[in-house]
Amino acid sequence: WLELGEVDRAQRELATAFGPQTASGFVPHINYVRSPGFHYDLWGRRDGSSITQPPMYGYAAAELARAGHQPTEEVLAAATAGLRFLLDHRRNPSGLVRVCHPWETGADDSPRWDDHCPGDFDRDRWRITKDRLVSLFETGPDGEALTNPAFDVAPVGFNALVAFNARELAGITGDDRLADDAKVLAGALADRWDPVLGTWVDECSDTSGS
C-alpha cells in the first residue's frame, strides 16, 4: 500500500497484522478478522492460527520509516515482541530458529519436506500429513506453537528472513539487543554452508535432512 501512495492503509494493514498477537509475542500467520472461530477445530484458537510465518513486519515497518512515515510506538513494540518470540522461544542449541510446520516457512509444498511424507510424494497424502503435524504441536498458554517433535526443522531461508527483519527493525528502533541477535543468527547461518553442495543446508533432527 505504501508503494501505491496509500500511507494510511499501509499503516492500518501493518497494525491489523498484530491483532491476534499473544502475550508471548507470537504473531499468527492468519488473522480471522471477519470470521472468528473459523478453523477452530484445526488451530484450537478463535482469533488466529497457531503457527507463524517469516516476520516480514520488521522490513515493512522500516520501509514506512524510510519513507518518512514512522509506525506508531504500539506497532513497533508489537513487531519487536514478535521477533523476540522467535529469538527467545524457538531457538535450538545451534542458535537457529525452529519452525513447527511446513506452512510456517512460506514454502509449504517444497520438495525439501518430502522426507516427512511417507512413501513417494502424493498431494492428498501430504495434505493429511500436514494436518497431522498440526495436532503434534507443543503449545504455549495461548495456543501458540512452540515446538514440534515430528517436524524439528530450522530452515536457512526462514532464519535468513528472521535475521534480516530483526536488523531492519533494530535500525529504526535503536534496539541494540535485537541488532546483536541478528548478527548472532547470521553467524549460525554461516555454519550451515555446505561447500560441496555450494549452498546453505537446513538443520533437521531427521538424519535424512530436509
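Each reported figure results from applying straightforward, stated rules to the coordinates on display, with no laboratory input. Since the structure is predicted, the reported quantities are computational estimates derived from the model, not experimental observations. Cβ placement follows ideal geometry from the backbone for every residue including glycine, while neighbour counts extend to all protein chains displayed.
Quick query: amide H of THR139 versus all other amide H atoms, modeled in the peptide plane; which residues come in under 5 Å with a sequence gap of 5 or more or a different chain?
Close amide H contacts, sequence-distant or interchain: LEU146.
Taking other Cβ within 10 Å of each residue's Cβ, how do HIS101, HIS89 sort, fewest first?
Ascending number of Cβ neighbours within 10 Å: HIS89, HIS101.
The chain: longest stretch without exposed GluC sites (Glu not before Pro) (DSSP loop, at most 13 other Cβ within 10 Å), sites themselves excluded?
Maximal segment without exposed cleavage sites: 7-210.
Can you check what the net charge comes to around THR139, using other residues whose Cβ is under 13 Å from the Cβ of THR139 (Lys, Arg +1; Asp, Glu -1)?
-1
Search the structure for amide H atoms under 5 Å from the amide H of GLU203, placed 1.01 Å from N in the peptide plane, and list their residues when 5 or more places away or on another chain.
The list, which skips near neighbours in sequence, is ALA154, VAL156.
Please report PHE18, PHE158 as a ranked list, fewest other C-beta atoms within 10 angstrom at the top and most at the bottom.
PHE18, PHE158
Out of GLN70, LEU178, ILE128, whose Cα points farthest toward the positive end of the dipole of the range 7-204 (charges: +1 Lys, Arg; -1 Asp, Glu; placed on Cβ)?
In the range 7-204, that residue is GLN70.
Scan the chain and note any complete DSSP helix (H) whose C-alpha atoms cover at least 15 Å along its axis and whose Kyte-Doolittle average is -1.0 or more.
Answer set is 7-17, 73-89, 156-173, 176-190.
Taking the Cα centre of the chain as origin and charging only Cβ (+1 Lys, Arg; -1 Asp, Glu), how large is the dipole, in debye to the nearest 20?
Magnitude of the dipole: close to 220 debye.
What does the C-alpha gyration tensor say about the overall shape of the range 13-79? Classify as rounded when a/c is under 1.5, otherwise prolate if a/b is larger than b/c, or oblate.
prolate
For LYS183, LYS130, which order do you get if you count the other beta carbons within 10 Å of each Cβ and list the fewest first?
By the 10 Å Cβ count, ascending: LYS183, LYS130.
In the range 99-147, if the dipole is taken from +1 on Lys/Arg beta carbons and -1 on Asp/Glu beta carbons about the Cα centre, which of HIS116, VAL99, PHE137 is farthest to the positive end?
Ranked along the dipole, the leading option is HIS116.
Specify, per residue and in Å³, the volume enclosed by the convex hull of the alpha carbon atoms belonging to the range 140-205.
Hull volume normalised by residue count: 109 Å³.
What shape does the range 60-183 take by its C-alpha gyration tensor, where a ≥ b ≥ c are the square roots of the eigenvalues and a/c under 1.5 counts as rounded, a/b above b/c as prolate, and the rest as oblate?
prolate
Along the range 102-112, what does the Karplus equation 6.51 cos²θ - 1.76 cosθ + 1.60 (θ = phi - 60°) give for ³J(HN,Hα), rounded to whole Hz, x for Gly and Pro?
Along the range 102-112, the couplings run x, 4, 6, 7, x, 10, 3, 10, 4, x, 4 Hz.
Per-residue ellipticity at 222 nm for the chain, helices alone: DSSP H runs ≥ 4 residues times -39500 (n - 2.57), over residue total, nearest 500 deg cm²/dmol?
-13000 deg cm²/dmol
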